[in-house]
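Scroll down for the structure; my scribbles are underneath it.
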Amino acid sequence: MALDLSLIEGVRVNRSAAERRAAGFGSRRSVKKTHQAAWLVNAIRLIDLTTLSGDDTAGKVKRLCAKARAPLARRIVEGLGIEDVGLKVGAVCVYPTMVPHAVEALEGSGIPVASVATGFPAGLMPLDLRLKEIEWAVAQGAAEIDIVISRELALKGDWQALYDEVKAMREACGEAHLKAILATGELGTLTNVHAASMVAMQAGADFIKTSTGKEGVNATLPVSLTMVRALRDYGEATGYKIGFKPAGGIKAAKEALAWQVLMKEELGRDWLEPDLFRFGASSMLGDIERQLEHHVTGRYAASHRHAMS
């Protein structure tokens, strides 16, 4: 859609109110026993299983893809009685050069490959090179592209320039889904987070995402609440549903529960499906698997029994 600044003008986010509301998601309600196990199984479906390290290799990516195909040990699947579910993660997210290896390893699984692009994580590259990186990753088979916005544009309030940039990236993606990473830990205020969210959605983002995972502050519940309220405002104004992806520092199973509660309470059941909600995570899957094994056996396994790759 064309840029409509009326959707952000006059909006001010009260940080203390956002923090107060967000504090209740993990503590005000508790999910126990079988219900907790069900929510944790659902969280697995929502994970973008990610490796974005300097020492990534083809072998490491292929092992991660094997985990994506079978995220729970067979003994846990049988203990939960979910053999017929066909449980798998939402996507596998890698650097562009690792896309061909992931595509090969996931062939026939139905699991999409996501690639970061546009000079991840800082995005401080000329725009034409960032667009070419998107096009290259898509040509290699990436079905989803996680782009990073130019934080400078948001910090200056140059929303037209930010809109034009994301729109160009949307066009470069072609049929691939675009997830716009806002790097919220570097945007200064929650008001900026709300505005950047609205602009990215107007420019064509299929998802808005909190962080690269490389900032000093990554996904937090107050930031996520602000972005989710922007999703709700955008949906009410346009009739379109846009997805949400918290990423960076999400490691524990209990966090997966808190974020799902946030989505359920703020946006409804539709946002507990992988087409509208994803976690950017890797080690969180190991903790979820460990908690589910405890549910089945009554004992906690050593962490090394739930390695990612």
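For the stretch 95-165 and the stretch 37-56, what is the centre-to-centre distance using only Cα atoms, to the nearest Å?
19
List the aspartates and glutamates whose alpha-carbon lies under 16 Å from that of Lys156, not counting same-chain residues fewer than 8 positions away?
Glu9, Asp164, Glu165, Glu186
Once you compute Rg and the Kirkwood Rh from C-alpha atoms, what is the Rg to Rh ratio for the stretch 62-162?
1.14
Suppose R0 equals 45 Å; then what is the FRET efficiency for Ser109 and Gln160 from their Cβ-Cβ distance, rounded to the nearest 0.05?
The formula returns an efficiency of 0.65 here.
Of Ala142, Ala122, Ile76, whose Cα points farthest to the positive end of the dipole of the stretch 32-142 (charges on the beta-carbon: +1 Lys, Arg; -1 Asp, Glu; origin at the Cα centre)?
Toward the positive end, the furthest listed residue is Ile76.
Do the alpha carbons of any pairs in Lys88/Lys251; Lys167/Lys214; Lys132/Lys179; Lys67/Lys179; Lys167/Lys209; Lys67/Lys214 sit beyond 20 Å of each other, and which pairs?
Lys167/Lys214; Lys67/Lys179; Lys67/Lys214
Placing unit charges on C-beta atoms (Lys and Arg positive, Asp and Glu negative, everything else neutral), compute the dipole magnitude of the chain about its Cα centre in debye, rounded to 20.
So the dipole magnitude of the chain works out to roughly 1380 debye.
For the chain, compute Rg over Rh where Rg is the Cα radius of gyration and Rh is the Kirkwood radius from the inverse mean 1/r over Cα pairs.
Computed over Cα atoms, the ratio is 0.96.
Starting from the alpha-carbon convex hull of the stretch 129-170, give the projected area averaged over all orientations, in nm².
It is 2.9 nm².
Given +1 on the Cβ of Lys and Arg, -1 on the Cβ of Asp and Glu, and no further charges, what dipole in debye does the stretch 138-265 carry about its Cα centre, rounded to the nearest 20?
Taking the Cα centre of the stretch 138-265 as origin, the dipole is about 400 debye.
Bins of 5 Å, beginning at zero and ending with the bin holding the largest distance: percent of Cα pairs per bin for the stretch 149-294, please.
Whole-percent P(r) values from 0 Å outward: 2, 10, 20, 22, 21, 13, 7, 3, 1, 0, 0.
In degrees, nearest 10, range 0 to 90: what is the angle between the Cα axis of helix 190-202 and the longest Cα principal axis of the chain?
90
About its Cα centre, how strong a charge dipole does the stretch 204-309 have in debye, to the nearest 20, once Lys and Arg get +1 and Asp and Glu get -1 at the Cβ?
Rounded to the nearest 20 debye, it is 300 debye.
On a 0 to 90° scale, report how tilted helix 253-266 is relative to the longest principal axis of the chain, with both axes built from alpha carbons and the result rounded to the nearest 10.
50
Between beta-carbons, use under 13 Å as the cut-off and find the net charge around Val116, counting Lys and Arg +1, Asp and Glu -1.
That works out to 0.
Calculate, for Arg20 and Ala252, the FRET efficiency according to 1/(1 + (r/R0)^6) with r their C-beta to C-beta distance and R0 25 Å; round to the nearest 0.05.
My answer for the efficiency is 0.65.
How large, in percent, is the carbon and sulfur part of the accessible surface of the chain at a probe radius of 1.4 Å?
Exposed carbon and sulfur together represent 50 percent of the surface.
How many Å² of accessible area per residue for the chain, probe 1.4 Å?
43
Hey, what number do you get for the chain at 222 nm if only DSSP H runs of n ≥ 4 count, each worth -39500 (n - 2.57), divided across all residues, to the nearest 500?
-14000 deg cm²/dmol
Can you list residues from other chains, or at least 5 along the same chain, whose modelled amide H is less than 5 Å from the amide H of Ile208?
Long-range HN contacts for Ile208: Ala180, Gly243, Phe244, Lys245.
So how much slack lies between Lys214 and Leu5, counting 0.36 nm per residue of separation and subtracting their Cα-Cα distance, in nm?
Stretched fully, the Lys214-Leu5 segment lengthens by 72.3 nm.
Going 7 Å from the Cα of Asp56 toward and past its Cβ, which residues in the stretch 257-297 have a backbone nitrogen under 18 Å from where you end up?
Residues 279-285 qualify, since their backbone N sits under 18 Å from the label point.
Mind giving me the FRET efficiency for His294 and Arg63? R0 is 25 Å, r the Cβ-Cβ distance, nearest 0.05 is fine.
That gives a FRET efficiency of 0.50.
Say the dipole of the stretch 201-309 comes from +1 at the beta carbon of Lys and Arg and -1 at that of Asp and Glu; which of Val223, Pro274, Val296 then lies farthest toward its positive end?
Result: Val296.
Give the ranking of Asp158, Asp287, Asp84 by solvent-accessible surface, highest area first, calculated with a 1.4 Å probe.
Asp84, Asp158, Asp287
Provide the per-residue ³J(HN,Hα) series for the stretch 170-180, in order, calculated from phi with Karplus coefficients 6.51, -1.76, 1.60 and θ = phi - 60°, each as a whole number of Hz, with x at glycine and proline positions.
Each residue of the stretch 170-180 in turn: 4, 5, 5, 6, x, 7, 6, 6, 10, 10, 8 Hz.
Find which of Val103, Ala23, Asn42 sits farthest along the positive direction of the dipole of the stretch 18-110, computed with +1 on the beta-carbon of Lys and Arg, -1 on that of Asp and Glu, about the Cα centre.
With unit charges placed on the Cβ atoms, the residue in question is Ala23.
The values are calculated or read from the model by the stated rules, or taken from the named source; none is laboratory data. All of these numbers come straight from a predicted model, not from anything done at the bench. For neighbour counting, all protein chains shown are included, and Cβ atoms are generated from backbone atoms with ideal geometry for every residue, glycine included. Note: areas computed on protein heavy atoms with side chains; ligands, DNA, RNA excluded. Shrake-Rupley method; radii C 1.70, N 1.55, O 1.52, S 1.80 Å.
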